[in-house]
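Below is one structure, written out as structure tokens; the observations come after it.
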Amino acid sequence: MITSKLPNVGTTIFTTMSQLAAETGALNLSQGFPDFNGPQALLDAVGKHIALGHNQYAPMTGLPVLRQQVAAKIARSYGATVNPDSEVTITPGATEAIFCAIQAVIRNGDEVIVFDPCYDSYEPSVELAGGRCVHVQLSLQGFALDFEKIKAALSPRTRMIILNSPHNPTGALISRAELDQLAELIRDRDIYLVSDEVYEHLVFDGVPHASVLAHEELYQRAFVVSSFGKTYHVTGWKTGYVVAPAALTAELRKVHQYVNFCGVTPLQYALADFMAEHPEHVEELPAFYQAKRDLFCDLLAPSRFSFTRVTGTYFQLVDYSQIRPDLDDAAMSLWMTREHGVATIPVSVFYQHPPQGQRLVRLCFAKREETLQQAAEKLCVI
């Protein structure tokens, strides 16, 4: 019998709920993907490059033209200058980028601070590297960083802190002031950062995204990860990138070349073309998704769910305490899917120790208007 290296890991909640939605015919507001296509010009560019014969291996680090476009976007968005050759690496998805960053620096016995509720890929990656996650809960009001808890969690073994902003599943944002406070806290410690910023352009109400890329001090010890899939509505392309100082990038690439070696070639060409021809796409994205958030929240206003409109991502948390307080969130998600035709994600799966009595589920609003209207109709009669 094999002894599992990940004995506590099973099928992810995202797979489970999407399968249940398919089996029951429920509207799938669980897994985070759009039910609409990416820009037509981007889709057309893929076919063009396949026909041109761009179907062999891309460079391990990513196509130079795409790395250059990433650097240009970072300059426009954050006023930061990064070297596309030595600091930008194209990866087959943001999850692979996070995995490689963790493997590059975490050694046996190292500790990694993660913030609950946290995305589910972080801890298995740390465990496979021989490390251990130290879970620090975000505040229950607003899901902000609690610096007293962070101080208490730091130890001589702390090797990394994983940030996520805009935050999945809560939509909360980390501010520039909080980044400054974190920089002061770890200034004299040998601690690296992974900054998961895959929803970097989904920030609403005129609030700017405080990227670690724009924080000169923190960037010197950081791997900053983003996702073309989230930004261009093509999550199934599984294409992302990681930006880090040259020395950290060199270590990450040592791992990346033996995990996947390179991303999909025609997709990289297509993204490079689209980014060069349509830089306005990124600038228009906040308003695009804020309109979906506002529509969905307006439609949910007559329901018995309570909520505060999220400030980032394409996920909306709703509290069902006034509906079925007798059900924990896992049972509530199953009940909503089977009995009311809307699949959701229970927030407790993002915690090591879920707060007692918390009654939250996560809904994805990256959907067509008609999908949101249909879902809201079902949710308003619960």
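The numbers here are math on the coordinates, done by the rules we state, and not lab data. It should be emphasised that the depicted structure is a prediction, and the values quoted were computed from it without experimental measurement. FYI the Cβ positions are ideal-geometry reconstructions off the backbone, even for glycines, and counts take in every protein chain you see.
Distance from the alpha carbon centroid of segment 236-301 to that of segment 44-104 works out to 9 angstrom. Lys-Lys pairs in the chain that are eight or more residues apart or on separate chains and whose Cα atoms lie under 17 Å of each other come to 6. Taking all Cα pairs closer than 8 Å and separated by 6 or more residues, the relative contact order of the chain comes to 25 percent. Seen from every direction in turn and averaged, the convex hull around the alpha carbons of segment 2-103 projects onto 11.2 nm².
Using the alpha-carbon positions of segment 188-292, Rg (one decimal) and Dmax (whole number) come out as 15.3, 44 Å. With all projection directions averaged, the alpha carbon convex hull of the chain covers 19.4 nm². Apply the a/c threshold of 1.5 to the C-alpha gyration tensor of segment 340-382 and tell me whether it is rounded, prolate or oblate. It is prolate, given that a/c is not under 1.5 and a/b is the larger ratio. Using the alpha carbons alone, the radius of gyration of segment 292-347 stands to its Kirkwood radius in an Rg to Rh ratio of 0.95.
Other residues within the sphere of radius under 14 Å centred on the Cβ of ARG187, judged by their own Cβ, net out at -3 (K and R +1, D and E -1). Quick check: from the Cα gyration tensor, does segment 81-189 come out rounded (a/c under 1.5), prolate or oblate? Verdict is rounded for segment 81-189. The order of the peptides 54-61, 331-338 by mean Cβ neighbours within 10 Å, most packed first, is 331-338, 54-61. Relative contact order of segment 185-237, taken over Cα pairs closer than 8 Å and 6 or more residues apart, is 42 percent. Net charge of the neighbourhood of ASP146, taken over other residues with C-beta under 12 Å away and scored Lys/Arg +1, Asp/Glu -1, is -1.
According to the square roots a ≥ b ≥ c of the eigenvalues of the Cα gyration tensor, what is the shape class of segment 43-92, taking rounded for a/c under 1.5, prolate for a/b larger than b/c otherwise, and oblate for the remainder? Oblate, because a/c is 1.5 or more while a/b does not exceed b/c. Can you tally the net charge around ALA45? Count Lys and Arg as +1, Asp and Glu as -1, for every other residue whose Cβ sits under 15 Å from the Cβ of ALA45. Once all neighbours under 15 Å are counted, the net charge is -2. On full extension, the segment bounded by ALA301 and GLU23 gains 97.2 nm, given 0.36 nm per residue less the C-alpha separation.
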